[in-house]
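Written below as structure tokens is the structure these notes are about.
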Amino acid sequence: MSGSARSLAKGSAPPGPVPEGLIRVYSMRFCPYAQRTLLVLTAKGIRHEIININLKSKPEWFFKKNPFGLVPVLENSQGQLIYESAITCEYLDDVYPGKKLLPDDPYEKARQKMVFELFSKVPSLVTSLLRKQNEEDCSGQKEELRKEISKLEEVLTNKKTTFFGGNSLSMIDYLIWPWFERMEILELNDCVDHTPKLQLWMAAMRKDPAVSALLMEPKALRGFLNLYLQNSPEACDYGL
Amino acid sequence: MEDATRSFGKGSLPPGPVPDGLIRVYSMRFCPYAHRTRLVLRAKGIRHEVVNINLRNKPEWYYTKHPFGQIPVLENSKCQLIYESVIACEYLDDAYPGRKLYPYDPYERARQKMLLELFYKVPHLTKECLVALRCGRECADLKLALRQEFCNLEEERQESVSAHQRSFLSPLAQETQIKLKAYLRNSTGPEILGYQNTIFFGGDCISMIDYLFWPWFERLDVYGIADCLNHTPALRLWTAAMKQDPTVCALLIDKNIFLGFLNLYFQNNPDAFDYGLAC
């Protein structure tokens, strides 16, 4: 699991500057958006340090890192701050050498961004389903989620490739993966039961070294979610 | 103007393939999102053709270009389709040589994308204000919300001015600058002349982020909500500078024609989209 350090909360002292040769990511162990950034850091072998933030009791200094007070945020040794998960991922791909996750071809790059737009309703649907887990009134939202997921199945069907960017894994796959991982753990599997290509994609993703290195422990995620939905300040450190 | 052509409606024949050496944009003369793409095409001197779509009476064939029939859409001679205005603009910057509108530096590029996040409520709010006013409804709350968004952008303008200055100033000068900043913040009067600004959102030269914001600022006046900029002098400075840009100028929409379009549009007249075209 990533970043096993306890989270920093209200009243904590701000961390010092980022040492040269390293990049820092402000994160939270169970945040799907931050997981995107961690996936890219891991996939590209970028030396980094993780500071986890207690999202139910945010340190005051954290709003200087991101005025929106959200994770993930990148901070480099020049004190530059980058936030919004997709922007952090693209920044890392631009700055760091090694395997390029975004295609060089302008059209293929644009295609990945169009698929990203297709995916855009999924996070909020998954989140609201997670919150409603104990209620019966999920069927409407599950239908909506199925509909959105079908659009992604169509992409794979039309492209005839394993991954969303072609036959190898690339940026778009990492950007959407965290929600599919959560769908499996939190038993929303029936939302992908009509999408065989997506199921194959999910199996292929699990074989990726970066994905498997960052896979969450199902019990830990469930324990976190339980506390998080109760607004407990202990949630973010569940399992430590 | 390149886009002064009649729109395609239901029952129209689809245009043929895009000739080599040209790129096509499916557009509508008054649409702010399509305006972004046309600004970039013009700024980069990209040879293009415009196909206007009648948005109230969309041609059946148009859904083969965009699943929901939205504009803008780019189509190149390889039959590749690109949509979502921001994606289309970035594609053009990547695919075509010449002047780069996004910065080369990855951090500066990321900064422009973060700025776009600051802007995301503006299109919806300006549209809601327009609709409310046109339907004779009150929109004080909406205007307040819009002013708040403009204040966020104003703060960014003032902070980036400070950051720019900070690197060159002595402690005494920095103190003066802080007072100056406070003045700007409280000022509703004339702008300070000769005050060194990073006048545009991306620096001293106009760049992608300015073009991505511009279409909504151009429309404030014709929508009847120009007073929303009353408390944001740095933003007013910016709009004045934008109006000097040759690309912005070349695409400026005549106010009377825009008003004519709006009148017909709010009467649900499908001829609205071709208002002001000769013959």
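The helix-only estimate of mean residue ellipticity at 222 nm for chain A, built from DSSP H runs of length n ≥ 4 each weighted as -39500 (n - 2.57), is -14500 deg cm²/dmol after division by the residue total. Candidate cross-link partners of A:Lys142 among the aspartates and glutamates, defined by an alpha-carbon separation under 17 Å and a same-chain spacing of 8 or more, comprise A:Glu153, A:Glu181, A:Glu184, A:Glu187, A:Asp190, A:Asp193. Relative to the dominant Cα principal axis of chain B, helix B:208-223 is inclined by about 80°. Derived from the Cα gyration tensor, the three semi-axes of the equivalent ellipsoid of segment B:6-128 are 26, 19, 11 Å, largest first. Legend: mean number of C-beta atoms from other chains within 10 angstrom of residue C-beta atoms, peptide B:80-91, equals 4.
Once whole DSSP H runs in chain A are found, which of them have Cα atoms spread over 20 Å or more along the helix axis and a mean Kyte-Doolittle score of at least -1.0?
A:171-185
Annotation: peptides A:163-176, B:10-23, B:70-83, ranked by per-residue average of other Cβ atoms within 10 Å with the highest first, follow the order A:163-176, B:70-83, B:10-23.
Can you give me the orientation-averaged projected area of the convex hull built on the Cα atoms of chain B, in nm²?
Approximately 16.2 nm², given one-decimal rounding.
Using Cα springs under 10 Å in a Gaussian network model of chain B, which residue among B:Ala234, B:Ala226, B:Ala34 shows the largest mean-square fluctuation? Comparing B:Ala234, B:Ala226, B:Ala34 in a Gaussian network model of chain B, the most mobile one is B:Ala226. Let me know the whole percent of all Cα-Cα pairs from the protein assembly as shown that are separated by more than 33 Å. More than 33 Å apart: 48 percent of the Cα pairs in the protein assembly as shown. Over chain B, dividing the summed -39,500 (n - 2.57) contributions of all DSSP H runs of at least 4 residues by the number of residues returns a 222 nm mean residue ellipticity of -16000 deg cm²/dmol.
Taking 17 Å as the straight-line reach from the Cα of A:Lys56, the aspartates and glutamates in range (excluding those fewer than 8 positions away in the same chain) are A:Glu234, A:Asp237.
Only Lys, Arg, Asp and Glu carry charge here, each on its Cβ (+1 for the first two, -1 for the last two); on that basis the protein assembly as shown has a dipole of about 80 debye about its Cα centre.
Read-outs throughout are calculated quantities, based only on the coordinates presented, and are distinct from any laboratory measurement. The shown structure was predicted, so the numbers you read here are calculated from the model rather than taken from an experiment. Backbone-built Cβ (ideal geometry, glycine too); neighbour counts: all protein chains shown.
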